[in-house]
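Trainee: What follows is a structure written as structure tokens; I'll ask about it next.
The values are calculated or read from the model by the stated rules, or taken from the named source; none is laboratory data. Quick caveat, the model's predicted, so the values are computed rather than measured. All Cβ positions, even for glycine, are placed from backbone atoms using ideal geometry, and neighbour counts span all protein chains on display. Accessible surface is based on the protein model in full, side chains and every heavy atom, while ligands, DNA and RNA are left aside. Shrake-Rupley method; radii C 1.70, N 1.55, O 1.52, S 1.80 Å.
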Amino acid sequence: GAVDLPWLFLGARFGLDGTGRIFLLFTSALWLAGGVHAAGYLHEDPRRDAFWLFWLAAMAGNLGLVLALDAASFYVFFALMSFASYGLVVHARTPEALEAGRVYLALVVLGELALFAAIALAWQAAGSLRFDAIGPALAASPLRDAVIALALVGFGIKVGALPLHVWLPLAHPVAPTPASAVLSGAMIKAGLLGWLKLLPLGSVAAPSWGQALIGLGLAAAFAAALAGATQRQAKAALAYSSISQM
């Protein structure tokens, strides 16, 4: 089922489809496991209150976007997750953490702008912000290629797709271990979910886009695995592993 909240955002709709159930199960399980670990990991940390604030905000955004069935709600929760994650990346306040935070924040802003433009064009093409209406309408729209390109950039930054992956190897080593776990295990998967929800998958043939993505995917799978094998830090290797897997 679904719940409609016409007073929220531009008419919010929340619910679970088959894909959403799978994402919600594994996403919530990982946040729970990370939270239990963080309780002990940060027991003596003087900044633990700030960590929990950003942790809960990012978790709320991650769970909210899984439940969102309209593009406006998805965008709001995606932005909440992305910007709250900045506080997790810079938690240690070391020069390395602050530099990683600056790179991460710059790419987040770029991604949010691209995603906002993609959703605005999809709304123009479909006349609706509901995902079940956007896909079929976008397949026959002249705006299709522009929406695909913008969505690939907006969500590709979160996924760590080449060449938009540069924040991951910087952010993972400096973030607390529980934050690294949810960054690589849950939050970057939100970009994949965004592609599944927004793009007209199965509704239109786009071989040029498919070939380009296959090429980038193969390059990332092998190049990131090789780069990860040369790392001396475990969490940097985890970052490259995440890029390779995604």
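Trainee: Would any residue of segment 41-83 have its amide N under 17 Å from a label point 7 Å out along Cα→Cβ of LEU25? List them or say none.
Mentor: Answer for segment 41-83: 66-67.
Trainee: In Å, what Kirkwood hydrodynamic radius results for segment 77-168 from the alpha-carbon pair distances?
Mentor: Value: 14.2 Å, from the Cα pair sum.
Trainee: Let me ask another. For THR177 and LEU196, calculate 0.36 nm times their separation in residues minus their Cα-Cα distance, and state this gained length in nm to one decimal.
Mentor: 4.0 nm
Trainee: Here's another thing I want to ask about it. Which helices, taking whole DSSP H runs in the chain, have alpha carbons extending 18 angstrom or more along the helix axis plus mean Kyte-Doolittle at least -0.5?
Mentor: Helices passing the filter in the chain: 18-41, 48-67, 71-89, 95-126, 144-159, 207-229.
Trainee: Another question, if that's okay. Run down the lysines and flag those whose C-alpha is under 19 Å from the C-alpha of LYS235, throwing out any fewer than 8 positions away in its chain.
Mentor: Qualifying lysines at Cα under 19 Å: LYS158, LYS189.
Trainee: When the Cα centres of segment 11-37 and segment 99-155 are compared, how far apart do they sit, in Å?
Mentor: Cα centres, segment 11-37 to segment 99-155: 22 Å.
Trainee: If you wrap a convex hull around the C-alpha atoms of segment 99-148 and split its volume per residue, what is the figure in Å³?
Mentor: 70 Å³
Trainee: Please state, to two decimals, what the Cα-based radius of gyration of segment 189-230 comes to when divided by 2.2 N^0.38 Å (N = residues).
Mentor: Segment 189-230 yields a ratio of 1.46.
Trainee: Let me ask you something else. Starting from the exponent 0.38 and prefactor 2.2 Å, build the expected Rg for segment 1-128 from its residue count and divide its actual Cα Rg by it.
Mentor: In units of the globular-protein estimate, segment 1-128 measures up at 1.20.
Trainee: Follow-up. Quick one: length gained pulling SER208 to ALA223 fully straight, 0.36 nm per residue minus the C-alpha distance?
Mentor: Taking 0.36 nm per residue and subtracting the Cα distance, the gain is 3.2 nm.
Trainee: While we're on this one: Can you give the accessible area of THR94 in Å² (nearest 10), computed on protein heavy atoms with a 1.4 Å probe?
Mentor: Estimated to the nearest 10 Å², THR94 gives 50 Å².
Trainee: Per q in 0.20, 0.24 Å⁻¹, report the Debye log10 I(q)/I(0) for segment 174-246, using one uniform scatterer on each alpha carbon and no solvent.
Mentor: Each listed q maps to, in turn, -0.92, -1.10.
Trainee: Can you tell me the accessible area per residue over the chain, all protein chains present, probe 1.4 angstrom, in square angstrom?
Mentor: 46 Å²
Trainee: Over all directions, what mean area does the Cα convex hull of the chain project, stated in square nanometres?
Mentor: Computed as one quarter of the Cα hull surface, the answer is 13.2 nm².
Trainee: Quick one: what do you get for segment 99-228 if you divide its Cα Rg by 2.2 N^0.38 Å?
Mentor: 1.12
Trainee: If ligands, DNA and RNA are left out, what is the accessible area of ARG21 with a 1.4 Å probe, given in Å² to the nearest 10?
Mentor: 140 Å²
Trainee: Okay, moving on. Under the Kirkwood approximation applied to all pairs of distinct alpha-carbon atoms, what is the hydrodynamic radius of segment 153-209 in Å?
Mentor: Result for segment 153-209, one decimal place: 12.6 Å.
Trainee: Just to be sure I understand: with springs between alpha-carbon atoms less than 10 Å apart, which residue in ALA117, ALA106, ALA57 has the highest mean-square fluctuation in the Gaussian network model of the chain?
Mentor: It is ALA106.
Trainee: Please state the equivalent ellipsoid semi-axes for segment 41-98: what are the square roots of 5 times the Cα gyration tensor eigenvalues, largest first, in whole Å?
Mentor: 26, 12, 6
Trainee: Here is a further query. With no solvent and one equal point scatterer per Cα, compute the Debye intensity ratio I(q)/I(0) for segment 77-126 at 0.14, 0.15, 0.16 Å⁻¹ and report its log10, rounded to two decimals.
Mentor: -0.43, -0.47, -0.52
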